[in-house]
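K.L.:
The following block contains the structure, expressed as structure tokens.
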Amino acid sequence: MSKPELWVVAERRLDHIEPTTQQLITKATRLAGDHFHVVTVLLEATTDHLEDELQPYGPDEIRIVRDDRFPTATDAELADALKQLIDAAHPNTVLFGATITGRSIAPRLQAKLQTGLTADCLDLRFDDETLVATKPSYGDNIMCEIICPDRRPQMATVRPNTFVAQPQADATPAITTAHITFHPVARLHVTAATPVVNTATTVGDASRVVALGRGAANEDTIASATQLAEKLGGRIGVSRPLTDQDRFTHDDQIGQSGNTIHPDLILNFGISGAVQYLVGMQDSQTIVSVNSDPNAPIFAASDYGYVGDAQAFMTALLAQFA
Amino acid sequence: MKIVVCIKQVPETNDVTIDPHTHNLDRRGLAGVMNPFDKNAVEQALQLKAATDAEVVLLTMGPDDYAQSLREGMAMGADSGVLLSDRAFAGADTLATGYVLAQAIAKIGDVDLIIFGRQAVDADTGQVGPIVAEFLHQPQITYAATLRLSGPNEVTAERLLEDTKQTLVAQLPAVVSVRSELNTPRYPTPRNIQLSFTKPLTTWHHDDLDLDDTRLGQAGSPTIVTKVYAPTPVKRALTPLTGTPQEAASQLIKALKDRQLL
Ligand SMILES: Cc1cc2nc3c(=O)[nH]c(=O)nc-3n(C[C@H](O)[C@H](O)[C@H](O)COP(=O)(O)OP(=O)(O)OC[C@H]3O[C@@H](n4cnc5c(N)ncnc54)[C@H](O)[C@@H]3O)c2cc1C
Ligand SMILES: Nc1ncnc2c1ncn2[C@@H]1O[C@H](COP(=O)(O)O)[C@@H](O)[C@H]1O
């Protein structure tokens, strides 16, 4: 009797693997123990070698399907390819990153398979062979545990940066190939694709973050924070109200509807600590917060706190960095 | 041209609590409003209507009081509303919801474009749009950041992926879900509010649609919620930094050095 298969569908991000894939492989191998066979499914072009970026994370198998149309394929075409693979192998569980791509393909696939899909999960575990997925609702005010008891595969999309990717020293996944028939959808075409130039690290993968909130939003404070971030080798992140400013975008936002981050160090300035913000950064290793209100909820979630003016503290800190 | 906009009604605030005895969501006293992201979908449809004289039909599945959100959308300027209400539909997850919506859209007939919000703010899944697209065998453009008609039977949209800005061209009929950044929903004018009460609001029950009963409601929903609870933000032992900003900054630098962060 072969082991049930636990799949992670690999996602491409430009010419690389989207980091959520590696995070999910790490989590899947931990969950699998001896019980599941962890397969990473990779749809790539004939000249690609994205498996090289998956191999160190140690799934049991990397199952590759090659077709030059994959890198620019549309959601329906990719869902169709995955449906064929699933019909051939009957996996127990299929996991996607809850990225824009994952959240677009997975529900189409779900509809084809008439099975359950739990969106944007923050935790996963198995009860025997049943996946128990923890999903936030009502803007992260409520957590739900959701199962799909009767139908297979059971599926989930998992929020990026929820798990930490860890390469394994002795990883030797089997590399196999599979085949599908590519069914082009004539009615939808990608006519242009421009990479969003963002070579710098994003707040999502920076190891040091200087975070600014409504209480630290003026020109001078932002200038000081920029210097501080440079000194620390980090990035600026913001709470939601600051994304209304032209210089910040949704990509800089920390929190439930922005990035979930776990840097080594985060310095929060002028952020009150709303639950939607906290869930995005509470797994940071060391949390420092400066706020003029001694009762700001952010302090209860912090390792170090200073009650006072954000600008004054930043100035003092910058002066002491030799 | 006929555009269907799928809208959901959600509680007015997300500050829901959990009943300590039943462990169920306590939604008592929470008024329902149109899902804020769906207002962007309605607005987008109305902009296309202005450009092409399209007919805009609002569609919702839910209890009878969801009619309120249909009226709200008609007060913004939509032409008519369809409410899908039946006890057999209750307890549906995204799959069972998508099924009934797809069957209703088939019944409405000759629909060129179906627009969804990016997600419902209560369930936060964003799944229903792609599910409906699949059931109706239509191409989809999710998370559209812009959307315009680019030909008699064609829409062009831009989509911001994590790494790429895509331009897509779809032959109608097609399904689009929109990002909230693409427009600012209009407010109903007094005249439109008045007009909204004269616009047709139709209710369809189970027998009005062609349905496979095994795919409806709770029975047709593969997923089950087994537990709901309030998240407890992890508390940390706070070490206060004290004194003047200079003193506090030097305490912090020492602490970060001790933690080998500097
Ligand atoms: C569905 C939903 C999703 C959301 N998603 C997110 C999300 O992803 N990310 C997010 O951040 N928010 C999110 N929010 C919003 C969130 O609830 C809060 O409104 C937001 O985090 C508040 O941002 P803030 O702390 O910067 O501002 P405020 O709450 O206004 O706090 C400003 C703080 O600055 C302090 N302050 C003022 N002056 C100074 C000074 N001179 N020096 C030091 N401190 C000062 C004040 O004491 C106060 O504590 C979401 C809300 C909802 C409903
Ligand atoms: N019950 C419903 N009736 C009509 N439309 C819905 C319903 N539920 C969800 N939708 C639509 O699907 C989108 C995504 O919802 P969800 O998948 O629940 O996050 C919403 O923004 C609405 O446009």
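The values are calculated or read from the model by the stated rules, or taken from the named source; none is laboratory data. The shown structure was predicted, so the numbers you read here are calculated from the model rather than taken from an experiment. Every residue, glycine as well, gets a Cβ built from its backbone with ideal geometry; the counts of neighbours run over all protein chains shown.
K.L.:
Quick check on residue A:287: is it among the β-branched types (Val, Ile, Thr) and within 8 Å of ligand 1 (Cβ to nearest atom)?
P.N.:
no
K.L.:
Let me ask something else about it. For the range A:253-284, what are the residues that are away from ligand 2 (no atom under 16 Å from the Cβ) and touching an Asp or Glu at 6+ places or on another chain (Cβ under 7 Å)?
P.N.:
Passing the criteria: A:262, A:275, A:276, A:279.
K.L.:
Please enumerate the residues belonging to the range B:112-131 that are crowded, with 23+ Cβ neighbours inside 10 Å and more than 16 Å from ligand 1 (Cβ to nearest atom).
P.N.:
Hits for the range B:112-131 are B:113, B:114, B:115, B:116, B:127, B:128, B:129, B:130, B:131.
K.L.:
So in the range B:44-84, with the set limited to residues that are in a loop (DSSP other than H, G, I, E, B) and more than 19 Å from the chain's Cα centre (by Cα), which one is modelled with the highest pLDDT? Before the answer, list the steps.
P.N.:
Taking the range B:44-84 as the starting set, the residues that turn out to be in a loop (DSSP other than H, G, I, E, B) are B:53-54, B:62-63, B:77-79.
In the following step, the residues that additionally are more than 19 Å from the chain's Cα centre (by Cα) were identified as B:53-54, B:79.
Working: B:53: 87, B:54: 95, B:79: 98.
Among those residues, the one meeting the criterion is B:79.
K.L.:
As an exercise: evaluate residue A:302 against (1) among the hydroxyl-bearing types (Ser, Thr, Tyr); (2) more than 25 Å from the chain's Cα centre (by Cα); (3) facing another protein chain (nearest Cβ under 10 Å) and give the number of the one condition it does not meet.
P.N.:
The failed condition is (2).
K.L.:
Going through the range A:117-138 one residue at a time, which ones are at positive phi and either part of a strand (DSSP E or B) or crowded, with 20+ Cβ neighbours inside 10 Å (or both)?
P.N.:
A:120, A:138
K.L.:
Next question. Would you confirm whether or not the range A:265-277 contains a residue that is in a strand (DSSP E or B) and β-branched (Val, Ile, Thr)?
P.N.:
yes
K.L.:
Something else now. Checking the structure you have, find out if any residue of the range A:220-231 is more than 14 Å from chain B (Cβ to nearest Cβ), free of Cβ contacts under 8 Å to residues at least 60 places away in the same chain and within 16 Å of ligand 1 (Cβ to nearest atom).
P.N.:
Within the range A:220-231 (the criterion being more than 14 Å from chain B (Cβ to nearest Cβ), free of Cβ contacts under 8 Å to residues at least 60 places away in the same chain and within 16 Å of ligand 1 (Cβ to nearest atom)), the answer is yes, since at least one residue qualifies.
K.L.:
Residue pairs, Cβ under 6 Å, 6 or more apart or interchain, first in the range A:45-66 and free of Cβ contacts under 8 Å to residues at least 60 places away in the same chain, second among the β-branched types (Val, Ile, Thr). List them.
P.N.:
Hits for this filter: A:50/A:17; A:53/A:17.
K.L.:
Restricting to the range A:117-147, give me the number of residues that are within 16 Å of ligand 2 (Cβ to nearest atom) and without any contact (Cβ under 8 Å) to a residue 60 or more places away in the chain. Show your work before the answer.
P.N.:
The first filter runs over the range A:117-147 and keeps only residues within 16 Å of ligand 2 (Cβ to nearest atom), leaving A:117-121, A:133, A:135-142, A:144, A:146.
Filter once more, keeping what is without any contact (Cβ under 8 Å) to a residue 60 or more places away in the chain: A:117-121, A:133, A:135, A:137-138, A:142, A:144, A:146.
Residues flagged as within 16 Å of ligand 2 (Cβ to nearest atom) and without any contact (Cβ under 8 Å) to a residue 60 or more places away in the chain within the range A:117-147 amount to 12.
K.L.:
If you go through the range A:244-273, how many residues are without any contact (Cβ under 8 Å) to a residue 40 or more places away in the chain, over 28 Å from residue B:160 (Cα atoms) and more than 12 Å from ligand 1 (Cβ to nearest atom)?
P.N.:
0
K.L.:
Is it the case that some residue within the range B:85-100 is part of a strand (DSSP E or B) and facing chain A (nearest Cβ under 10 Å)?
P.N.:
Of the range B:85-100, the ones part of a strand (DSSP E or B) are none.
Looking through the range B:85-100, none of the residues is part of a strand (DSSP E or B) and facing chain A (nearest Cβ under 10 Å).
For every residue, the table says whether it meets (1) in contact with a Gly (Cβ under 8 Å, 6 or more places away or on another chain); (2) modelled with pLDDT of 95 or more; (3) not assigned by TED's automatic domain parsing to the domain that holds residue A:226.
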site	(1), (2), (3)
A:260	yes, no, no
A:292	yes, yes, no
A:306	no, yes, no
A:313	no, yes, no
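K.L.:
Continuing with the same structure: Among the residues of the range B:112-135, write down those that are within 14 Å of ligand 2 (Cβ to nearest atom) and either on the phi > 0 side of the Ramachandran plot or part of a loop (DSSP other than H, G, I, E, B) (or both).
P.N.:
Scanning the range B:112-135 gives B:117, B:118, B:119, B:120, B:121, B:122, B:123, B:124, B:125, B:126, B:127.
K.L.:
Follow-up question, since we're still on this one. Condition first: of a type in the set (A, V, I, L, M) and within 20 Å of residue A:310 (Cα to Cα). Can you find one or more residues in the range A:194-206 that meet it?
P.N.:
Looking through the range A:194-206, none of the residues is of a type in the set (A, V, I, L, M) and within 20 Å of residue A:310 (Cα to Cα).
K.L.:
Tell me which residues, restricted to the range A:301-322, are surrounded by fewer than 17 Cβ atoms within 10 Å (Cβ to Cβ) and either touching a Pro at 6+ places or on another chain (Cβ under 6 Å) or aliphatic (A, V, I, L, M) (or both).
P.N.:
Selection gives A:318, A:319, A:322.
K.L.:
Given the conditions (1) farther than 22 Å from residue B:177 by Cα; (2) assigned to a loop (DSSP other than H, G, I, E, B); (3) of a type outside the set (Val, Ile, Thr); (4) at the interface with chain B (Cβ under 7 Å from one of its Cβ atoms), report the number of the one that residue A:145 does not fulfil.
P.N.:
(2)
K.L.:
Based on what the data block shows, is residue A:237 of a type outside the set (D, E, K, R), buried (at least 24 other Cβ atoms within 10 Å of the Cβ), more than 7 Å from ligand 1 (Cβ to nearest atom) and more than 9 Å from every other protein chain (Cβ to nearest Cβ)?
P.N.:
Details: of a type outside the set (D, E, K, R): yes; buried (at least 24 other Cβ atoms within 10 Å of the Cβ): yes; more than 7 Å from ligand 1 (Cβ to nearest atom): yes; more than 9 Å from every other protein chain (Cβ to nearest Cβ): yes.
Yes.
K.L.:
Go through the range A:290-322 residue by residue and tally those that are aliphatic (A, V, I, L, M), under 12 Å from residue A:267 (Cβ atoms), assigned to a helix (DSSP H, G or I) and within 13 Å of ligand 1 (Cβ to nearest atom).
P.N.:
Residues in the range A:290-322 being aliphatic (A, V, I, L, M), under 12 Å from residue A:267 (Cβ atoms), assigned to a helix (DSSP H, G or I) and within 13 Å of ligand 1 (Cβ to nearest atom): 3 in total.
K.L.:
Could you please find all residues in the range B:213-232 being of a type outside the set (Lys, Arg), within 14 Å of chain A (Cβ to nearest Cβ), farther than 18 Å from residue A:107 by Cα and in contact (Cβ under 8 Å) with a residue 60 or more places away in the chain?
P.N.:
Those that are of a type outside the set (Lys, Arg), within 14 Å of chain A (Cβ to nearest Cβ), farther than 18 Å from residue A:107 by Cα and in contact (Cβ under 8 Å) with a residue 60 or more places away in the chain: B:218, B:228, B:229, B:230.
K.L.:
Take the range B:159-171 and flag every residue that is at pLDDT 95 or above and more than 21 Å from residue A:107 (Cβ to Cβ).
P.N.:
Step one: filter the range B:159-171 for residues at pLDDT 95 or above, giving B:167-171.
Those that are at pLDDT 95 or above and more than 21 Å from residue A:107 (Cβ to Cβ): B:167, B:169, B:171.
K.L.:
Pairs only if they're at least six apart or on different chains, beta carbon under 8 angstrom, first in the range A:305-320 and over 22 Å from residue B:237 (Cα atoms), second surrounded by 24 or more Cβ atoms within 10 Å (Cβ to Cβ) and of a type in the set (Phe, Trp, Tyr); list them, first residue then second.
P.N.:
A:314/A:269
K.L.:
I would also like to ask the following. Name the one entry in B:146, B:142 that is crowded, with 19+ Cβ neighbours inside 10 Å and in a strand (DSSP E or B).
P.N.:
The match here is B:142.
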